[in-house]
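Worksheet: one structure, shown below.
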Amino acid sequence: MSEQSPEMDIVHLLRKVTVEFGLRQAEFASRHGMHPTDVRALICLLDAERAGDDATAGWLGAQLGLNSAGTTAVIDRLERLGHLTRSRDPRDRRRVLMTVAPRAVELGRSFFGPLIDDTVAVLRDFDESETAAVRRFLSAAHRAVTAIP
């Protein structure tokens with residue numbers, strides 16, 4: 001068995017975490033009659049809400065890398081399942097905005113809550129410099145992943 005650098009150990013650990021998280025997302029989707037892309041869509045919509053950004057069908061399609069037909073299928077499916085709502089933008093009545101329904105938030109929290117709680121508990125044991133290092137590393141890893149052509 002060959003030795004690897006501490007950096008590669010961390011890269012492989014990050015891969016292991018992302019693979020497992022993807023498996024949990026697929027499991028959540030399956031349990032609730034969704035496609036894995038539906039879960040990704042809900043995550044995008046929740047992220048937009050946290051950032052205070054408007055979420056339109058065009059925006060969601062761009063986030064998911066889907067054409068308009070694929071985006072419409074995801075939105076219709078999530079709306080049919082009661083996981084999102086569509087409403088007219090009060091500032092521009094031509095636009096339709098989407099938000100995650102409370103039911104979907106509750107489902108997500110019941111499934112992913114223990115993972116979130118455990119992760120937050122670990123981070124609370126870190127001092128400010130350790131937390132900053134984790135944030136810096138994950139931000140850089142995210143930039144690297146999104147830069148892949």
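The values are calculated or read from the model by the stated rules, or taken from the named source; none is laboratory data. Note that the structure is predicted; figures quoted are calculated from it, not measured. Ideal geometry is used to build each Cβ from the backbone, glycine not excepted, and the neighbour counts take in all protein chains shown. For accessibility, only protein heavy atoms count, side chains too; no ligands or nucleic acids. Shrake-Rupley method; radii C 1.70, N 1.55, O 1.52, S 1.80 Å.
Points to keep in mind about this one:
- Taking Cβ atoms as reference points and 14 Å as the exclusive limit, the residues near residue 128 contribute a net charge of 0, counting Lys and Arg as +1 and Asp and Glu as -1.
- Cβ-based charge dipole, the range 77-149, positive-most Cα from 137, 105, 122: 105
- Surface share of carbon and sulfur [accessible, 1.4 angstrom probe, percent] for the range 7-81: 58
- Label assignment, mean projected area of the Cα convex hull in nm² derived from the structure, set (1) 11.7; (2) 9.4; (3) 12.1: (3)
- Angle between the chain longest axis and helix 68-80 axis [Cα atoms, degrees, rounded to 10]: 80
- Kirkwood hydrodynamic radius of the range 1-47, Cα pairs, Å: 12.4
- Magnitude of the charge dipole for the range 7-149, about its Cα centre and with charges confined to Cβ atoms of Lys, Arg (+1) and Asp, Glu (-1), is about 720 debye.
- In this Cβ point-charge picture (+1 for Lys and Arg, -1 for Asp and Glu), the range 36-77 has a dipole of about 140 debye about its Cα centre.
- Estimated [θ] at 222 nm from DSSP helical runs (n ≥ 4, -39500 (n - 2.57)) normalised by residues in the chain, nearest 500: -23500 deg cm²/dmol
- Put simply, the amide H of residue 84, placed in the peptide plane, has neighbours under 5 Å in 79, 101, leaving out anything fewer than 5 places away on its chain.
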